[in-house]
Amino acid sequence: MDIIPDKIPFVQNIPSSWYHHKVERVDILRLDVLHHHVSGNKWYKLKWNIEHALANDKDTVLTFGGAYSNHLAATAAMMNIAGLRSVGMVKGLYARDKLTPTLNFCLEQGMELKFLSNEEYSKKDDRQWLAVLQEQHPACYIVPEGGGNHLGLKGAEEIASLIPSGYTHIAVSVGTGTTLAGISNGLGHSANMLGFAPMKGGRYMEAIIKEHVTGTQHIEIVDEYHFGGFGKTTDILINFMNDFYALTTIPLDIVYTGKMMYGIMDRIQSGYFDAGSRILCIHTGGLQGNGSVENRLIY
Ligand SMILES: *Cc1c(COP(=O)(O)O)cnc(C)c1O
């Protein structure tokens, strides 16, 4: 399946005034520039899944996500471009006239939305429940929440080819951890992988991620920069993102990359990194998720 990217991702240097020369360099891999509707890591996690659907004569991809989900938005857009149908199973019984900007976007892209109670949604990974769902929708190829299956992992490995060698640390936000695991598997050299969890208590993911990792990278999940929990934000985070944009012209998102960059800054200031550290942060995209705070951001 051919989707033409808006721009090829590139590595951008962050001015040293941001890190007060406490480390050697901080760069950011701009996956956010890939496509105006299918940003960042979702492009990589979905591409092989869509290939698989096509190869198996499925004309519909069915997947799962919350009302602000970047994965649902990206799936809706990518399937629309591919000329295929998509079904989004949404967590929560939203009224049709009270949808979030993300869900309205999904509808505009032609996605069919089905609303599940939290209880029903919690079965999303239950094999038996999925088997029944598959029977009911024979033309659907079912992709798990966040695109976190082996084809998502395979796609995420390709991100590693965009990473030049020589970095001591690679930082990435984690949801399912598929992106981090894929990059780690695809990396031809060793670096410390730092995964920033955007939710409370995300450290548990360290063990799950390590199950999918084949390489030798040291992996650490950092969960102290959740700002109140998944999808939660504070004035401190918003101000930080505005300051960061003013200095770099790089827009961050409130759910994932804003929290990661704040964490990087905080850890640089507290002396976690050696002076010789060369840090690459992955900008995984997700800017559509800023819809709810648009009027508080300067971009
Ligand atoms: C989905 C998403 C992530 C998390 O990716 P995983 O592969 O699920 O860990 C990180 N950043 C952004 C911007 C995302 O949209």
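Quick rundown of the values:
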{"quantity": "Positive-end residue of 237, 254, 283, charge dipole of the chain with Cβ unit charges", "calculated": "237"}
{"quantity": "The chain, accessible surface, carbon-and-sulfur percent (1.4 angstrom probe)", "calculated": "50 percent"}
{"quantity": "Net lengthening on full extension, residue 211/residue 6 (0.36 nm per residue, minus Cα-Cα)", "calculated": "70.4 nm"}
{"quantity": "3J(HN,Hα) from dihedral phi, the stretch 208-218, Karplus parametrisation 6.51/-1.76/1.60, rounded to Hz, x for glycine, proline", "calculated": "5, 4, 4, 5, 9, 9, 9, x, 10, 4, 7"}
{"quantity": "Residue-normalised accessible area of the stretch 1-58, given per residue in Å² at a 1.4 Å probe", "calculated": "49 Å²"}
{"quantity": "Residues listed by number, the stretch 184-227, amide nitrogen under 15 Å from residue 248 label point at 7 Å toward C-beta", "calculated": "196"}
{"quantity": "Distance from the stretch 71-94 to the stretch 223-246 (C-alpha centre basis), Å", "calculated": "27 Å"}
{"quantity": "Point-charge dipole on Cβ atoms (K/R +1, D/E -1) for the stretch 1-94, about Cα centre, debye to 20", "calculated": "260 debye"}
{"quantity": "Per-pair calculated FRET efficiency, R0 = 22 Å: residue 292 and residue 96 via Cβ, rounded to 0.05", "calculated": "0.70"}
{"quantity": "For residue 62, distant residues with modelled amide H under 5 Å away", "calculated": "87, 141, 142, 143"}
{"quantity": "Placed amide H near residue 221: partners under 5 Å, 5+ positions off or other chain", "calculated": "195"}
{"quantity": "Assigned charges on the beta-carbon of Lys, Arg, Asp, Glu; the chain dipole about Cα centre (debye)", "calculated": "160 debye"}
{"quantity": "Farthest toward positive dipole pole in the stretch 39-147 [+1 Lys/Arg, -1 Asp/Glu at C-beta], among 68, 142, 94", "calculated": "68"}
{"quantity": "Extension gain (nm, one decimal) between residue 218 and residue 122, 0.36 nm per residue minus Cα-Cα", "calculated": "31.4 nm"}
{"quantity": "Flagged links, alpha-carbon separation over 32 Å, of 58/232; 123/200; 22/45; 22/91; 98/210", "calculated": "58/232; 22/45; 22/91; 98/210"}
{"quantity": "Helical contribution to [θ] at 222 nm, DSSP H n ≥ 4, -39,500 (n - 2.57), averaged over the chain, rounded to 500", "calculated": "-10000 deg cm²/dmol"}
{"quantity": "Difference of contour (0.36 nm per residue) and Cα-Cα distance, residue 134 to residue 200", "calculated": "20.5 nm"}
{"quantity": "For the stretch 196-299, size of Cβ-based charge dipole, Lys and Arg +1, Asp and Glu -1, in debye", "calculated": "80 debye"}
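The values are calculated or read from the model by the stated rules, or taken from the named source; none is laboratory data. Because the structure is a prediction, the values reported are computed rather than measured. Glycine also receives a Cβ, built like all others from the backbone with ideal geometry; neighbour counts cover every protein chain displayed. Protein only, heavy atoms only, side chains kept; ligands, DNA and RNA dropped before computing areas. Shrake-Rupley method; radii C 1.70, N 1.55, O 1.52, S 1.80 Å.
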